[in-house]
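Report on the following structure.
The values are calculated or read from the model by the stated rules, or taken from the named source; none is laboratory data. From a predicted model like this one, the values you see are computed outputs, not experimental measurements. All Cβ positions, glycine included, derive from the backbone under ideal geometry; neighbour counts span all protein chains shown. Heads up: the accessible areas ignore ligands, DNA and RNA and are worked out on the full protein's heavy atoms, side chains in. Shrake-Rupley method; radii C 1.70, N 1.55, O 1.52, S 1.80 Å.
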Amino acid sequence: MAEFRRDFNAKRINRVCNDPSVLPEVSLPGQESIDCTALISDLRNIVLMTDGGGIIAIWQEPGIYEIHTQFIESARGIGAIRTVREMISWLFLRSPAMELQTKIPASNKAALGLVRAINGRLEFEREGAWQLADGTACRMDYYALRWSDWLYSGWAMG
């Protein structure tokens, strides 16, 4: 399991988001780079990182965070799943988080596998809500993981 820490600058998350194995999955058509500096400067947001990737928890309202996960290709797999589970446990134990929400384009099979591995609950779907790099639209799936779901997940707290 990779060691992670909360980052208060965007250096590592920007490097990961702009990696050629990540950028096409997290950017909008025509977007050439991502800069997370503004997100990190808001201390309500939480960025937990390893050198190979991590999660951004964006504050939505008290207790609710929107989660974005990104790992470079060489850091993906079962190790990334274990690390994300540890990061989620950290969020539920050491932050005000009571609910984590995420959006996954139907075309992103890796993200779908990850949300299933953490027992995310499908809340609803929206057809045509995500635009792919080629300009076509695909379905966006919306998931949530609440504190009580996490607590009884079988992997909570390590």
(message) With equal scatterers on the alpha carbons only and no solvent term, can you work out the Debye log10 of I(q)/I(0) for region 71-158 at 0.18 1/Å?
(response) -0.83
(request) Just grab the label-to-label distance for C138 and L43, each label 7 Å out from Cα along the Cβ direction, in nm (one decimal). (result) 3.9
(message) With 13 Å as the cut-off, how large is the P(r) tail for region 60-99, expressed as percent of Cα-Cα pairs?
(response) 58
(request) Taking the Cα centre of the chain as origin, work out the dipole magnitude from +1 charges on Lys and Arg Cβ and -1 charges on Asp and Glu Cβ, in debye rounded to 20. (result) 440
(message) Restricting to Cα pairs below 8 Å that are 6+ residues apart, what does the relative contact order work out to for the chain? Please round to a whole percent.
(response) 21
(message) Whole angstrom only: what separates the Cα centroid of region 1-46 from the Cα centroid of region 94-132?
(response) 18
(message) Taking all protein chains in place and a 1.4 Å probe, what share, in percent, of the accessible surface of region 17-120 do carbon and sulfur account for?
(response) 53
(request) Mind ranking 31-37, 145-151 by how tightly packed they are, going by the mean number of other C-beta atoms within 10 angstrom, highest first? (result) 145-151, 31-37
(message) Mean-square fluctuation check for the chain, GNM, Cα pairs under 10 Å: which of G120, G53, G79 is largest?
(response) G79
(request) Measure off 7 Å from each Cα along the Cα-to-Cβ vector at E25 and W155, then give the distance between these two points in nanometres to one decimal. (result) 1.5
(request) For region 1-132, compute Rh as the Kirkwood radius over C-alpha pairs and then the Stokes-Einstein diffusion coefficient at 10 °C and 1.306 mPa s; write the answer in µm²/s, rounded to an integer. (result) 105
